[in-house]
Amino acid sequence: MSAELHVIVPGSLSRRTGGSIYDARMTAALRDQGWRVTVHELDGTFPAVDAAAAAALAASLEALPDGAVTVIDGLALGDSPQLAEAQRGRLCLVALVHHPLADENGLDTATQRRFLEREARALAACQGVIVTSAFTARRVAELGVRPERLRVAEPGTDAAEPATGPGADAPPELLCVASLTPRKGQDVLVAALTRLADLPWRATLAGATDPDPTFARHVQQQVAAAGLAARIRLTGACDGTTLAKLYHRATMFVLPSHYEGYGMVLTEALARGLPVISTTGGAIPDTVPAAAARLVPPGDADALAQALDHWLRDPQARAGAAAAASTHAAGLPDWPQAAERFAGAITELGLQDTR
């Protein structure tokens, strides 16, 4: 008999965020492999939960049958340890942590402390913890999770046709794919590009603006103030077909993020043979091979400008990095392989339910 699994996620599984895409793709791949997966989408605000979010998580947990194997996305779990503690022993709980809540950029000291304390309690109430990178495994261990309760299940990567670029007569096309939020650092990218206004290039910033409208407006105003509105395009959220076209026309991929728990857009870029300019924030140095990338300190617009300047002026160096990207991508797991590792993690943690 195939295994049964309940997956609890914050908001809609169709959201175009890295965590939601991971949850959706992993859920679909597990179903393809015979798992009976039920997804529970929670209303409310996360990760700092409001009353609606707490009530939704409590109701979802209480409705599950005794012994149900239940994966809870860390964004939904971390600020509600009391709810996990209440179900400890009745349910087989496993946390899925994309990155610790306290690692989000821009939090004040009090909020960071709150998240650290509450997420540590929540993880202690779970029978096991699955993370999406070795880097995040090290971070979660710092929250008190013992190695025997911890497993890594990296995302899968879809095979893709090599990017062709914008065409021989067009300027290099820079692509950044990320929701417009402070952690993703698009303001740093615009500042860097302002320093390079004398070079030929165009840039596309593809990502939802609704997660942080204030920051999105700031980036838009920054572009306008620099006189770069004709060269830097903000698309808003894009569907998969549109993103594929953007990747295909790109010359290089840029992710100025302050921190990533893995960075799936980075491997999507590598799969298309795109050289990557990013930062040393979080798991990025583990996700992107050095030969395919130039990594700079997070938040350093000058260093980012220098990295961009180097590759804009040196097509041969870009070509070498592109070749390294393709070579690395060939060894990345696809989503069926990633789901096998996820399923193996559940089994190893003693959570498999074959009722």
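The values are calculated or read from the model by the stated rules, or taken from the named source; none is laboratory data. Nothing here was measured: the structure is a model prediction, and the numbers come from that model. Here the Cβ positions follow ideal geometry from the backbone for every residue, glycine too, while neighbour counts run over all protein chains shown.
Some points to look at:
- Test: residue in the stretch 168-182 that is in contact with a His (Cβ under 8 Å, 6 or more places away or on another chain) and either not in a loop (DSSP other than H, G, I, E, B) or not assigned by TED's automatic domain parsing to the domain that holds Val265 (or both): yes
- Residue that is at pLDDT 95 or above, under 22 Å from Ile284 (Cα atoms) and either hydrophobic (A, V, I, L, M, F, W, C) or more than 22 Å from the chain's Cα centre (by Cα) (or both), where the choices are Val145, Val152, Val71: Val152
Listed here are the residues, each with its yes/no results for (1) farther than 25 Å from Ile346 by Cβ; (2) free of Cβ contacts under 8 Å to residues at least 12 places away in the same chain; (3) within 23 Å of the chain's Cα centre (by Cα).
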site: Ala86; (1), (2), (3): no, no, no
site: His98; (1), (2), (3): no, no, yes
site: Leu107; (1), (2), (3): yes, yes, yes
site: Leu175; (1), (2), (3): yes, no, yes
site: Gly185; (1), (2), (3): yes, no, yes
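- Restricting the stretch 1-22 to residues that are in contact with a His (Cβ under 9 Å, 6 or more places away or on another chain), outside any strand (DSSP E or B) and not aromatic (Phe, Trp, Tyr) leaves a set whose member that is modelled with the lowest pLDDT is Gly18.
- Test for Thr45: is it buried (at least 16 other Cβ atoms within 10 Å of the Cβ) and closer than 24 Å to Gly207 by Cβ: no
- For the stretch 242-270, the tally of residues that are surrounded by 22 or more Cβ atoms within 10 Å (Cβ to Cβ) and in contact with a His (Cβ under 9 Å, 6 or more places away or on another chain) stands at 5.
- Test for Thr136: is it within 19 Å of the chain's Cα centre (by Cα) and either in contact (Cβ under 8 Å) with a residue 24 or more places away in the chain or surrounded by fewer than 19 Cβ atoms within 10 Å (Cβ to Cβ) (or both): yes
- Residues satisfying the stated conditions in the stretch 29-38, i.e. free of Cβ contacts under 8 Å to residues at least 40 places away in the same chain, out of contact with any helix residue (DSSP H, G or I) (no Cβ under 6 Å at 6 or more places or on another chain) and not in a loop (DSSP other than H, G, I, E, B): Arg31, Arg36, Thr38
- For Gly89, the test of being of a type in the set (Gly, Ala, Ser) and surrounded by fewer than 17 Cβ atoms within 10 Å (Cβ to Cβ) is passed.
- The residues listed here are Asp169, Asp239, Asp187, Asp212; of these, the one that is modelled with pLDDT under 95 and in contact with a Pro (Cβ under 9 Å, 6 or more places away or on another chain) is Asp212.
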